Amino acid sequence: MWLIRSVLVLALSTPMLPPVVHAQEQGTTPPEPNYEFFSGTISQLPAGQIGVARTVPGKPAEKRSFLINTETKIEGKLRLKARVTVGFKPTPDGDLAVRIIVRSQAKKHQEFVGMN
């Protein structure tokens, strides 16, 4: 009889939540970036901004401009007519570029050179 009581007391004294819930509450999962993306070709490069244009078949051309600040991460060299993907977030001053990735043209160039 004492064995049944001991098991019952032990079962009632343990927490009812599974360990997975505890891991999620502690914040072990990294937060996902909360920004949007826009891809196209650089059409303007005024100081502190970048203008990007894209065309999608069957739709009118779309142009967007993004603010650039000291916290903007830029991968590659910004130049007119370069293909880019901009990760941005809306702010009261305008869309702020969080990350800009310049797409390399070297791969296409190498393919054409290798064909000769």
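Here are a few things to note about the model shown:
- Counting the residues of the range 94-116 that are part of a loop (DSSP other than H, G, I, E, B) and modelled with pLDDT of 95 or more gives 0.
- Verdict on residue 1 being at pLDDT 60 or above, hydrophobic (A, V, I, L, M, F, W, C) and surrounded by fewer than 10 Cβ atoms within 10 Å (Cβ to Cβ): yes
- Test: residue in the range 43-53 that is modelled with pLDDT of 95 or more and touching a Pro at 6+ places or on another chain (Cβ under 9 Å): no
- Contact map, the range 39-59: residues that are over 17 Å from residue 103 (Cα atoms) paired with residues that are part of a loop (DSSP other than H, G, I, E, B), Cβ distance under 9 Å, separation 6+ or inter-chain. Pairs shown: 47/68; 48/68; 48/69; 49/68.
- Failed criterion for residue 81 (all others in (1) without any contact (Cβ under 8 Å) to a residue 40 or more places away in the chain; (2) at positive phi hold): (1)
The values are calculated or read from the model by the stated rules, or taken from the named source; none is laboratory data. Here the structure is a predicted model, which means the values were calculated and not measured. For neighbour counting, all protein chains shown are included, and Cβ atoms are generated from backbone atoms with ideal geometry for every residue, glycine included.
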